[in-house]
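Just below is one structure, and these are the notes that go with it.
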Amino acid sequence: MKTTNDRARRPERRSLLRGAVMLAVLCASFLPARAASPAAPLKVVATIPDLADFARRIGGDRVEVKALSKGTENLHNVHVRPSMLIALTRADVFLEMGLSMEAAWLPEMLVRSGNDDIQPGAAGFQNCSDGWEAIEVPDDLSRREGHLHPEGNPHFNIDPKGGLQMAAKVHEALVRVDPAGKETYDANFATTKDAIEEAAERWAKIGAKWKGRKVCVYHTEYNYLARRYGMDVAASIEPQPGIPPTPGDIAKVVKTMREQEVGVILTAAWSNNRQVKDIARKTGATVLELPNQVGGADWASDWIALQDGIHERVAKALGTWEEDEGSPKQ
Ligand SMILES: [Zn+2]
């Protein structure tokens, strides 16, 4: 038998139910998307456009890809936008370069996304530097602190051999999270590998003329490229990665460049500053501003185009360029 009290509670119950439904709807909207099927593409979020390029190549129409950083940004200091958090909240796969490249802006946002599927250790999380042998690893703990490369140089996307590393890691993550797409991912990875290897043959011919040539860099993002071809990075304008040079540091760089007759300074757009111009004026060196990721220049539309463009521009700055050396597609 219904009492007066029961009737009185009904509106309260309805209100509680309404509240619970609203809460469930709200929660559902923040939950990660379900695993991909051909009808619902796998949502892939990459920190940099280079990784996004490989995710698109290998994932094909099974994936929907977003890069967090724009190609023109300082990779160590990407401007955090609300749209990034939304993308991470919904992601099935997350790709980072690792080696502390994104340490200053990413980890807190990853936690805030509340998406358990893409936290470190989860199947959807991929550190694309796993298995990569970094150069310039600080040899003791005290030298790891206070600068941006505590685990060694993270800019392996500028290494002509870095493409295969990134592609392999992206392929591995896609197969792990979406095994139903393995056949597609395997086929696209094979095509990507062939394209990289074909391009690497023309890059090797261009770079073979750079052995022993001396360059100066601002940050150390071109050091993998230099090392690959036996170039000598005679001076770095930053005394440590991310630490601005003092007037004393600049004087030392100028002295080294004069003594060793270094004629080219390689720099990214975001570090092509007054100090670089000052050093160029004092030494007579040419400043070559290069992108340090895909999208950093209008010609760097994908990773192979980025490498083609960098090889051509460095060769021209060093005076080794021959007109028939470029990509047949350019
Ligand atoms: Zn760096």
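Tabulated data
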| quantity | calculated |
| --- | --- |
| Net lengthening on full extension, Gln119/Ala40 (0.36 nm per residue, minus Cα-Cα) | 26.3 nm |
| Per-bin percent of Cα-Cα distances, segment 185-242 [10 Å] | 22, 34, 26, 16, 2 |
| Student exercise, segment 203-325 dipole from Lys, Arg, Asp, Glu Cβ charges, in Debye to nearest 20 | 580 |
| Contour excess over end-to-end distance, with Cα ends at Arg258 and Trp321 and 0.36 nm allotted per residue | 20.2 nm |
| Positive-pole candidate from Ile158, Trp321, Pro41, dipole of the chain, charges at beta carbon | Pro41 |
| Mean Cβ count within 10 Å, highest first, over the residues of peptides 213-226, 77-90 | 213-226, 77-90 |
| Cα-centred dipole magnitude for the chain, charges only on beta-carbon of K, R (+1) and D, E (-1), debye, nearest 20 | 1460 |
| Relative intensity, log₁₀ I(q)/I(0), of the chain from a Debye sum that treats every alpha carbon as a point, q = 0.12, 0.13 Å⁻¹ | -0.86, -0.99 |
| Listed residue pairs exceeding 22 Å between alpha carbons, taken from Lys252/Lys277; Lys43/Lys70; Lys193/Lys316; Lys66/Lys169; Lys70/Lys252 | Lys193/Lys316; Lys70/Lys252 |
| Using θ = phi - 60° and Karplus 6.51 cos²θ - 1.76 cosθ + 1.60, couplings along segment 192-204 (whole Hz; Gly, Pro as x) | 4, 4, 4, 5, 5, 5, 5, 5, 4, 5, 6, 5, 4 |
| Reciprocal of mean inverse Cα separation for segment 42-200 (Kirkwood radius, Å) | 16.0 |
| Shape parameters for segment 203-325, alpha-carbon atoms, Rg then Dmax in Å | 14.0, 44 |
| Segment 105-177 versus segment 258-274: alpha-carbon centroid distance in Å | 28 |
| Dipole in debye (nearest 20) - segment 42-200, about Cα centre, beta carbon charges: Lys, Arg +1; Asp, Glu -1 | 540 |
| Among Ala200, Pro179, Met257 the positive-end extreme of the charge dipole of segment 162-315 (Cβ point charges) | Met257 |
| Bridge type composition, segment 42-200 - antiparallel percent by DSSP, nearest 5 | 0 |
| Helical mean residue ellipticity (222 nm; -39500 (n - 2.57) per DSSP H run of 4+; nearest 500) of the chain | -14000 deg cm²/dmol |
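The numbers here are math on the coordinates, done by the rules we state, and not lab data. What you see is a predicted model, and the numbers here were worked out from it, not measured in a lab. Every residue, glycine as well, gets a Cβ built from its backbone with ideal geometry; the counts of neighbours run over all protein chains shown.
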